Amino acid sequence: MREMVAVLDFGSQYAQLIARRIRELGVYCEIVEHDITAKEISRISPKALVLSGGPASVLDEHHPEMDPDILTLNIPVLGICYGMQHITQVLQGTIEKGRGGEYGHATIDIDNSKGFFADLGHSMDVWMSHGDQVIGLPRDFALLAHTSDCPIAAMGDLKRQIYGVQFHPEVVHTPRGHELLKNFLYSICKCSGGWSMAGFVEDSVSTIRSKVGDANVICGLSGGVDSAVVAALINKAIGDQMTAIFVDNGLLRAGEVEEIEHIFTNEYPLNLDIVDARQMFLNALKGITEPELKRKAIGRTFIDVFYNEADRIGGATFLAQGTLYPDVIESRSAKGGPSATIKSHHNVGGLPPDLKFELIEPLKELFKDEVRLLGKELGLPENLVNRQPFPGPGLAVRILGEVTAENLKILQQADLRVKEELRNYPGYSDIWQSFAVLLPVKTVGVMGDERTYANVVALRIVSSMDGMTADWVKVPYEYLARISSRIINEVKGVNRVVYDISSKPPSTIEWE
Ligand code: XMP
């Protein structure tokens, strides 16, 4: 069985970050529900458990709880923040309700610099973010670190190997946090490490081969990184048994069809099928203005195209998709139920219940940055691997209101100007996504001596770690000015450009 660590998610915004840090240290890690049973934990047999932080208070009447038997399984445990408080509660230590809490930088004094804190000296800068705190150790626990405000900043039962930290070792503001996690994984839990992309490729290739046998697989290429990496991985496993279908749905950015054709014919040749389905998508979108209905119509049309193509190649059993780990996690919540649907990202929830294909989702365990590493490992060209994410429904969710051939042309042309101008911006590599949005709003303008009455384009330029949160980028005015003037002067049908200065949350990255 593969060596793994499980993170019990108590609703922390950092649960994914904890999993990433552990993987970066060479150990495979998965996030599980906080109320997973001890029996289930025994079945998956992790080398260690990490209990995440969370927004609740263990002193509230209703708060997320773990199965207490988990602490009797002889598996090393690390509780972080809420996780530490919950361990304390289960093992009958004392917790004090927050008196204003502690947020931000702190320096801990290390009381025991062996084992858990080995090689970290006598003090360490950490990031605190808590209201409640532990003031009385559970039985058999030792004090490992404290601060002037927090009498028990770290604790451990060294025999049972149960540890707790009040601070967050997973965030960058705890500069030596990764060394602490490394001590926990390697000195305490005796992990052997070795999780790497090369190993992942090998494992995936053999899993795909045994799953697929001699059946045919179709793989939808969207032009984005994820589906390209899926196609490359499956191509490595089964070669021409896979047909990569690139659907020209007319909702793509300018020049994209040619670019993808070039890459997968010349640079990374694979069995490529480009389908011109522009009219089919326009028909399906006719008259629809509501965002969720647009997404559903697009999802259905994609599936229709896939059915047609599967028939054309003499039948396919499997459909491959680029679902990522955050997509899987985002559709669960710390309370165990599905989280609210903000948008039905069609590669997660939008497939018909009676889908005639079996799904293959080889990236389901990976984060976006890991997918890029995998793409490089597979030898995909840099410009493809480092592409900005692009939504499956394409420009349809960037045209507010009805999608028409005319609107698509306007948006493609505006978007191209954004791309061309930002390419020269030195901070380009820090941008997560940059694009134009066509608003269903007309405003009055003046060009030459003529009055114009034309559309507004909004610019959306954001930075983000993983698309879950985002901030608008403070792009220097001269770039914004050039983009604006080029769009207004060169794109017929637009006479005003505005800049979107909203962060996510509360806004989302896409406008629909
Ligand atoms: P939002 O707009 O929800 O987007 O903040 C977060 C990230 O997801 C992308 N996105 C999608 N990707 N199908 C996709 O494959 C979709 O329906 C979809 N909607 C949004 C978006 O571009 C951003 O990177």
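The values are calculated or read from the model by the stated rules, or taken from the named source; none is laboratory data. All of these numbers come straight from a predicted model, not from anything done at the bench. Virtual Cβ from ideal backbone geometry, glycine too; neighbours counted across all protein chains shown. Only protein heavy atoms, including side chains, enter the accessible area calculation; ligands, DNA and RNA are left aside. Shrake-Rupley method; radii C 1.70, N 1.55, O 1.52, S 1.80 Å.
Of all accessible surface on the chain at a 1.4 Å probe, what whole percent is carbon and sulfur?
The value for the chain is 50 percent carbon and sulfur by accessible area.
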Based on the mean of other Cβ atoms within 10 Å per residue, sort peptides 435-441, 422-428, 190-196 so the most packed one is first.
435-441, 190-196, 422-428
Along each of the three principal axes of the Cα atoms of the chain, give the extent in whole Å, ordering the values from largest to smallest.
79, 61, 40
Give me the net charge of Ala198's neighbourhood, meaning all other residues with Cβ under 13 Å from the Cβ of Ala198; Lys, Arg count +1, Asp, Glu -1.
-2
Taking a quarter of the surface of the Cα convex hull of the stretch 354-512, what do you get in nm²?
12.1
Environment charge of Arg486, counting only residues whose C-beta is closer than 9 Å and scoring Lys/Arg +1, Asp/Glu -1
-1
If unit charges are put on Cβ atoms (+1 for Lys and Arg, -1 for Asp and Glu) and the dipole of the stretch 97-230 is taken about its Cα centre, the option from Leu143, Val230, Pro169 lying farthest towards the positive end turns out to be Leu143
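Can you tally the net charge around Phe435? Count Lys and Arg as +1, Asp and Glu as -1, for every other residue whose Cβ sits under 12 Å from the Cβ of Phe435.
That works out to +2.
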Multiply the residue gap between Asn383 and Glu61 by 0.36 nm, knock off their C-alpha separation, and tell me the result in nm, one decimal place.
110.7 nm
If you count, for each residue, the other Cβ atoms within 10 Å and average over each peptide, how do 234-243, 17-26 line up from highest to lowest?
17-26, 234-243
Beta bridge orientation in the chain: antiparallel %, DSSP, nearest 5:
50
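About the Cα centre, and with charges only on the beta carbon of Lys, Arg (+1) and Asp, Glu (-1), how big is the dipole of the chain? Nearest 20 debye, please.
In total the dipole reaches around 380 debye.
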Placing +1 on each Lys and Arg Cβ and -1 on each Asp and Glu Cβ in the chain, then taking the dipole about the Cα centre, the residue among Ile298, Met66, Pro352 whose Cα reaches farthest towards the positive end is Ile298
Could you tell me which helices of the chain pass both thresholds, a Cα extent of 18 Å or more along their own axis and a mean Kyte-Doolittle hydropathy of at least 1.0, with helices taken as whole DSSP H runs?
225-238
Filtered GluC sites (Glu not before Pro), the stretch 397-451: DSSP coil and at most 15 other beta carbons within 10 Å
Glu402
Given the DSSP H assignment, sum -39500 (n - 2.57) over each helix run of at least 4 residues in the chain and divide by its residue total; what's the result at 222 nm in deg cm²/dmol, nearest 500?
-9000 deg cm²/dmol
